[in-house]
Amino acid sequence: MQTTLTRQRAAPVDRSTDRRVALWSIAIAVAFLLVALASLLLPEATRRGLWLPVHLALTGAATTAIAGVMPFFVAAFAAAQPAPGPVRVASVGGVAFGALGVTAGVVSGAPVIAIAGGVVFIAGVGLVGVAVVQPIRRALGPGRGLVVRGYIVALVFVAIGAMTATLFVAGWEPVAEAWPRLKVAHAWLNLVGFVSLVIATTLIHFFPTTIGARIGSTSSGRATILGLATGGALVPLGYASGIDAIVRLGAVATILGVAGVVVYAADRWRNRASWTTDAAWHRFVIGGLISAIAWFVVGIGIASVRAFTAGADPAGWAIDAVAAPLVAGWVGLAVVASASHLLPAVGPGDQPSHGLQRALLGRGAWPRLIAANVGIALLSVGAWLDVTSMSALGAALTIAAFGATAALVAGAITIGARADVRRRSAAA
């Protein structure tokens, strides 16, 4: 038994399938994000206000990217064999197809399709959890316990949020009767408890990597995870129970979590490296992540202040007030900046192809960043002041910036995929 165990531990870790799953999840996520932005051009009645773009961006883009990349990171931390390929593919496919089913069913008025999509989505989230936990059981590396625990908590939050919405669409009476309160709990679970917690938790190791700083275990990093996890739980609980004090306590915890992100990023920034190559690529990745953090502060600041002021009154929540800074600014910029870093850093391919990817992804870094941030600012102010022309200009700039980035990401994916095919052909 001792000999068998030693051989198992000495066996080389094969991450080729894991890399390809991460690659395609990024591609699908960017496609979802583009469709979400394009849906802003649809008539308001067709897109159900902001419902369609927000759900395409969060349920589709963000969750698909998380489903593909989260288990990849965990296996890397653990220095262990990733979850089996079929589990990885099924988890990403379940999340992506489930998100499509939910959005198509709701927009078309076909609840059966929406319910089926919700069930498939929840199953996909469950498989993501399996893919996260499996490598930990055979970890040889440090595992980054707090980060992984943050991931698992976030998956529990999104599963609860998705189940609540699916039961509402199915017409389950207890949920339908309480939906005005549960709707806000559902939104907070998904936007703060899941997506924001995952992105902020990931930045604890990802942001220092992009700027060339040491990944540190600091009190601000721990405050980030604990604050957002606590707020992600208490605010929905407060809305569901109708208890003002719980909502306000959760809002304070959420703000402390956001403060942890800012302090941690600033601390790592002081110890950053000076990159001597691929300046434009580094500029877009780092600038995108810093911009995302700034919009996170704005968006969560608005949401938390409103929650603290109104308590458990559902009228205190308005997606229009936070959609631009949180969905487009925080989630959107974090996704495209992360994709731009990960494709040449860990995606399939070889050194020459990764060099081509970095050069491609760095094109027009400043114009894309400026257009995206100005567009998001105009969208935000236009929504707050109810100025349609300002919102339209903001939407146009944001779509142009993200569209240009998506085109570059698609080109980078093609470069990596071709290099991967050549490598496998040569090895055959």
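Things worth noting here:
- Qualifying residue in segment 80-93 (condition: at pLDDT below 90 and open to solvent by 20 Å² or more (accessible area, probe 1.4 Å)): yes
- At least 2 residues being among the polar types (S, T, N, Q) is the threshold, and among the helices (runs of 4 or more DSSP H) wholly inside segment 134-250 those reaching it are 145-169, 197-211, 219-241.
- Selection within segment 409-424: residues that are modelled with pLDDT of 85 or more and either touching a strand residue (DSSP E or B) at 6+ places or on another chain (Cβ under 7 Å) or β-branched (Val, Ile, Thr) (or both). The member of this set that is most open to solvent (accessible area, probe 1.4 Å) is Thr414.
- Checked against (1) closer than 30 Å to Gly362 by Cβ; (2) in a helix (DSSP H, G or I); (3) open to solvent by 30 Å² or more (accessible area, probe 1.4 Å), Arg268 passes all but a single condition, namely (3).
- Test: Ala427 is open to solvent by 60 Å² or more (accessible area, probe 1.4 Å), of a type in the set (A, V, I, L, M, F, W, C) and at pLDDT below 90: yes
- Hits in segment 37-60 (condition: without any contact (Cβ under 8 Å) to a residue 40 or more places away in the chain, open to solvent by 40 Å² or more (accessible area, probe 1.4 Å) and farther than 15 Å from Gly109 by Cα): Leu42, Pro43, Glu44
- Residue list for segment 94-123, filter: of a type in the set (Gly, Ala, Ser) and open to solvent by 40 Å² or more (accessible area, probe 1.4 Å): Ala104, Ser108, Gly109, Ala116, Ala123
- Residue within segment 250-257 that is open to solvent by 50 Å² or more (accessible area, probe 1.4 Å), at pLDDT below 95 and out of contact with any strand residue (DSSP E or B) (no Cβ under 8 Å at 6 or more places or on another chain) present: no
- Checking segment 349-372 against the condition returns no match, with no residue being of a type outside the set (A, V, I, L, M), closer than 20 Å to Met70 by Cα and open to solvent by less than 20 Å² (accessible area, probe 1.4 Å).
- Output for segment 294-304, where each listed residue is open to solvent by 20 Å² or more (accessible area, probe 1.4 Å) and either touching a residue at least 40 places away in the same chain (Cβ under 8 Å) or of a type in the set (Gly, Ala, Ser) (or both): Ala294, Trp295, Val298, Gly301
- Residue list for segment 124-135, filter: over 18 Å from the mean Cα position of the chain (by Cα) and surrounded by fewer than 17 Cβ atoms within 10 Å (Cβ to Cβ): Val130, Val133
- Among the criteria (1) part of a helix (DSSP H, G or I); (2) farther than 19 Å from Ala65 by Cβ, the one Val95 does not fulfil is (2).
- Test: residue in segment 218-240 that is open to solvent by 40 Å² or more (accessible area, probe 1.4 Å), of a type in the set (Val, Ile, Thr), under 20 Å from Leu289 (Cα atoms) and out of contact with any strand residue (DSSP E or B) (no Cβ under 6 Å at 6 or more places or on another chain): no
- Scope segment 384-408; condition assigned to a helix (DSSP H, G or I) and open to solvent by 50 Å² or more (accessible area, probe 1.4 Å); matching residues: Trp384, Leu385, Thr388, Ser389, Met390, Ala392, Leu393, Ala396, Leu397, Ala400, Ala407
The values are calculated or read from the model by the stated rules, or taken from the named source; none is laboratory data. Note that the coordinates shown come from a computational prediction; the quantities given were computed from them, not determined experimentally. Every residue, glycine among them, receives a Cβ derived from its backbone with ideal geometry; neighbour counts consider all protein chains shown. Ligands, DNA and RNA are stripped out before the accessible areas are found, and what is left, the full protein with its side chains, is counted by its heavy atoms. Shrake-Rupley method; radii C 1.70, N 1.55, O 1.52, S 1.80 Å.
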